[in-house]
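What follows is a single structure, written as structure tokens, with notes after it.
The values are calculated or read from the model by the stated rules, or taken from the named source; none is laboratory data. None of the values given here were measured: they were computed from a predicted structure. Methodologically, a virtual Cβ is constructed for each residue, glycine included, from the backbone with ideal geometry; neighbour enumeration extends over all protein chains shown. Remember, those area values only see protein heavy atoms, side chains included, never the ligands or the DNA or RNA. Shrake-Rupley method; radii C 1.70, N 1.55, O 1.52, S 1.80 Å.
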Amino acid sequence: MAKMKAAFLHKPGDIRIDETDIPVIEDDEALIKIRAVGVCGSDVHFYNKGRIGDFIVKRPLILGHECAGEVVEIGKNVKNLKPGDRVAIEAGVPCRKCYYCRTGRYNLCADVTFLATPPFHGAFCEYIVHPEDYLFKLPDNMTFEEGAMIEPLAVGVYAAERGDVNVKNTVAIIGSGPIGLMILQSVRARGVTDVVITDLQVFRLELAKKLGASLTINVTEDDPVEKILDFTNGGADVVMDAVGLPETLQQTINIARMGATIVWVGMPTVDEIPIRAVEAICKDVDIRGIFRYANAYPTAIKMVSNDQVDVKSMITTTFTLDHVQEALEYPGKHPETCIKVIVEI
Ligand SMILES: [Zn+2]
Ligand SMILES: [Zn+2]
């Protein structure tokens, strides 16, 4: 059997590059040579802790789910792809049969196979197999690195959709990390003129400004609630939280206009968070959760190809496959300068 190199997480803090079998395609799958993989917060969390909630790394696991590559072989039922095609890989593949899959909300499917979520391997390796219908061709004007950025951009596209954001809205985004910046750009691509965004890192706020924020607020200097209420004349129409801390979730309600839509995107690390519910009720707000994304890849790819969003300037640094461990440690070591790390393979 042909072999490939892969980066396996053995236990927290311990990544080893090993040889393993190149996976074999089924009839409806393609074999993809991986070319670029983004490092996500969830990869870093698995690397540091060996688990996220009930997902526990019990045997050596290949991390990485924000990926793009080149088709090298196709199964006999594959119709729309051929060897040589460059593709973005949608990380989650659902069952296609359950109620949620059949009604278009396949991100809620209970039987999703999601890259780099135990027990399923991810893409810090040379090859993966993936079903044709969750592979999306990249236009010639897009790089593999931009292709790898489609996964986090899909979260931004879906968050804007969940928020029903329209051109007349004022939008407030809490947090200017990779997801906050993707939400910012997705909202701007909808034509919104007034977007305010917060963070505690100066360089992130500077990038947010460059990517279209109307107002940036450094929460280490200013009170975000006061500033946003002032900027929006009494509250934002749509509020997005890309942080997931108890205080930021409460802030989403404080900075919402009456009747606003609030989208909670950032995943909290604690189960129970006290919220001033009376304020939410009396403000008549809609609070919406969002879990990953559905039907967002084609739009995300077009947005990059058409220059409606700029994902390139979010890439801080790149590593090779042999240095995946350094790539996973980089965000924690460089919080003042890091947005997105890409592993090139
Ligand atoms: Zn991710
Ligand atoms: Zn399903």
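Quick one: how many residues across segment 172-193 are crowded, with 24+ Cβ neighbours inside 10 Å and over 21 Å from residue 42 (Cα atoms)?
Total meeting the criteria: 4.
Take residue 91 and tell me if it is among the small types (Gly, Ala, Ser) and touching an Asp or Glu at 6+ places or on another chain (Cβ under 7 Å). I'd like the intermediate steps shown before the answer.
Details: among the small types (Gly, Ala, Ser): yes; touching an Asp or Glu at 6+ places or on another chain (Cβ under 7 Å): yes.
It is true that residue 91 is among the small types (Gly, Ala, Ser) and touching an Asp or Glu at 6+ places or on another chain (Cβ under 7 Å).
Of all the residues that make up segment 131-146, how many are in a helix (DSSP H, G or I), open to solvent by less than 40 Å² (accessible area, probe 1.4 Å) and within 20 Å of residue 74 (Cα to Cα)?
Total meeting the criteria: 3.
Just to be sure I understand, how many residues within segment 3-20 are over 25 Å from the mean Cα position of the chain (by Cα) and at positive phi?
Qualifying residue count for the region: 0.
For the condition modelled with pLDDT of 95 or more, of a type in the set (Phe, Trp, Tyr) and in contact with a Pro (Cβ under 7 Å, 6 or more places away or on another chain), what is the one hit in 136, 124, 203?
Details: 124 fails: in contact with a Pro (Cβ under 7 Å, 6 or more places away or on another chain); 203 fails: in contact with a Pro (Cβ under 7 Å, 6 or more places away or on another chain).
Answer to the selection: 136.
So how many residues does segment 147-171 have that are touching a helix residue (DSSP H, G or I) at 6+ places or on another chain (Cβ under 6 Å) and either open to solvent by 10 Å² or more (accessible area, probe 1.4 Å) or more than 18 Å from residue 286 (Cβ to Cβ) (or both)? Break it down into steps so the answer makes sense when it comes.
Step one: filter segment 147-171 for residues touching a helix residue (DSSP H, G or I) at 6+ places or on another chain (Cβ under 6 Å), giving 150, 152-157, 159-160, 165, 171.
If we keep only those that are either open to solvent by 10 Å² or more (accessible area, probe 1.4 Å) or more than 18 Å from residue 286 (Cβ to Cβ) (or both) too, we end up with 150, 152-157.
Residues flagged as touching a helix residue (DSSP H, G or I) at 6+ places or on another chain (Cβ under 6 Å) and either open to solvent by 10 Å² or more (accessible area, probe 1.4 Å) or more than 18 Å from residue 286 (Cβ to Cβ) (or both) within segment 147-171 amount to 7.
Could you please find all residues in segment 81-111 being within 16 Å of ligand 1 (Cβ to nearest atom) and in a loop (DSSP other than H, G, I, E, B)?
Those that are within 16 Å of ligand 1 (Cβ to nearest atom) and in a loop (DSSP other than H, G, I, E, B): 90, 91.
Listed residues 44, 37; which is in contact with a Leu (Cβ under 8 Å, 6 or more places away or on another chain) and in contact (Cβ under 8 Å) with a residue 60 or more places away in the chain?
Numbers: 37 fails: in contact with a Leu (Cβ under 8 Å, 6 or more places away or on another chain).
Just a single option satisfies the conditions, and that option is 44.
Looking at segment 16-33, can you tell me whether even one residue there is out of contact with any Ser or Thr (no Cβ under 8 Å at 6 or more places or on another chain), open to solvent by 20 Å² or more (accessible area, probe 1.4 Å), within 16 Å of ligand 1 (Cβ to nearest atom) and farther than 21 Å from residue 158 by Cα? Write out each step before concluding.
Start the filter on segment 16-33 by keeping residues that are out of contact with any Ser or Thr (no Cβ under 8 Å at 6 or more places or on another chain), which leaves 16-33.
Subsequent filtering for residues that are open to solvent by 20 Å² or more (accessible area, probe 1.4 Å) retains 16-29, 33.
Within this subset, residues satisfying the condition of being within 16 Å of ligand 1 (Cβ to nearest atom) are none.
Looking for residues that are out of contact with any Ser or Thr (no Cβ under 8 Å at 6 or more places or on another chain), open to solvent by 20 Å² or more (accessible area, probe 1.4 Å), within 16 Å of ligand 1 (Cβ to nearest atom) and farther than 21 Å from residue 158 by Cα, one finds none in segment 16-33, hence no.
Is one or more of the residues making up segment 112-119 part of a loop (DSSP other than H, G, I, E, B), under 15 Å from the mean Cα position of the chain (by Cα) and within 16 Å of ligand 2 (Cβ to nearest atom)? Walk me through it before giving the result.
Taking segment 112-119 as the starting set, the residues that turn out to be part of a loop (DSSP other than H, G, I, E, B) are 112, 115-119.
Then drop every residue that is not under 15 Å from the mean Cα position of the chain (by Cα), which leaves 115-117.
Narrowing further to those that are within 16 Å of ligand 2 (Cβ to nearest atom): 117.
Among the residues of segment 112-119, at least one is part of a loop (DSSP other than H, G, I, E, B), under 15 Å from the mean Cα position of the chain (by Cα) and within 16 Å of ligand 2 (Cβ to nearest atom), which makes the answer yes.
Quick check: is even one residue across segment 190-197 in a strand (DSSP E or B) and out of contact with any helix residue (DSSP H, G or I) (no Cβ under 7 Å at 6 or more places or on another chain)?
The answer is yes; a qualifying residue exists.
Give me the pairs, please: first residue somewhere in segment 74-100 and within 16 Å of ligand 2 (Cβ to nearest atom), second residue anywhere and open to solvent by less than 40 Å² (accessible area, probe 1.4 Å) and of a type in the set (Val, Ile, Thr), beta-carbon distance under 8 Å, and either six or more positions apart or on two chains.
Between residues of segment 74-100 that are within 16 Å of ligand 2 (Cβ to nearest atom) and residues that are open to solvent by less than 40 Å² (accessible area, probe 1.4 Å) and of a type in the set (Val, Ile, Thr), the close pairs are 92/112; 93/112; 94/112; 95/112.
Under 7 Å by Cβ, and 6 or more places apart or on different chains, what pairs join a residue from segment 108-136 that is touching a residue at least 12 places away in the same chain (Cβ under 8 Å) and within 10 Å of residue 91 (Cβ to Cβ) with one that is charged (D, E, K, R) and away from ligand 2 (no atom under 16 Å from the Cβ)?
Going by the 7 Å Cβ cut-off, the qualifying pairs are 116/43; 130/29.
Any idea how many residues of segment 49-67 are outside any strand (DSSP E or B) and either within 16 Å of ligand 2 (Cβ to nearest atom) or over 19 Å from the mean Cα position of the chain (by Cα) (or both)?
Looking only at segment 49-67, we keep the residues that are outside any strand (DSSP E or B), and these are 49-50, 53-54, 57-60, 63-65.
In the following step, the residues that additionally are either within 16 Å of ligand 2 (Cβ to nearest atom) or over 19 Å from the mean Cα position of the chain (by Cα) (or both) were identified as 49-50, 54, 57-60.
Residues in segment 49-67 being outside any strand (DSSP E or B) and either within 16 Å of ligand 2 (Cβ to nearest atom) or over 19 Å from the mean Cα position of the chain (by Cα) (or both): 7 in total.
Could you tell me which numbered condition residue 107 fails, if it satisfies all but one of (1) open to solvent by 20 Å² or more (accessible area, probe 1.4 Å); (2) within 16 Å of ligand 2 (Cβ to nearest atom)?
In the conditions (1) open to solvent by 20 Å² or more (accessible area, probe 1.4 Å); (2) within 16 Å of ligand 2 (Cβ to nearest atom), residue 107 misses (1) alone.
Being over 14 Å from residue 171 (Cα atoms) and open to solvent by less than 40 Å² (accessible area, probe 1.4 Å) is the filter here, so list the residues in segment 209-233 that pass it.
Result: 211, 218.
Please specify each residue of segment 156-179 satisfying the condition of being farther than 15 Å from residue 302 by Cα and in a helix (DSSP H, G or I).
As a first pass, look at segment 156-179 and keep what is farther than 15 Å from residue 302 by Cα: 159-179.
Residues satisfying the conditions are 159, 160, 161, 162, 178, 179.
Look at residue 240 and say whether it is under 19 Å from residue 196 (Cα atoms) and surrounded by fewer than 16 Cβ atoms within 10 Å (Cβ to Cβ).
Values: under 19 Å from residue 196 (Cα atoms): yes; surrounded by fewer than 16 Cβ atoms within 10 Å (Cβ to Cβ): no.
No: the conditions fail for residue 240.
State whether one or more residues within segment 118-127 are buried (at least 20 other Cβ atoms within 10 Å of the Cβ), farther than 17 Å from residue 25 by Cβ and in contact with a helix residue (DSSP H, G or I) (Cβ under 8 Å, 6 or more places away or on another chain).
Yes, that holds for at least one residue.
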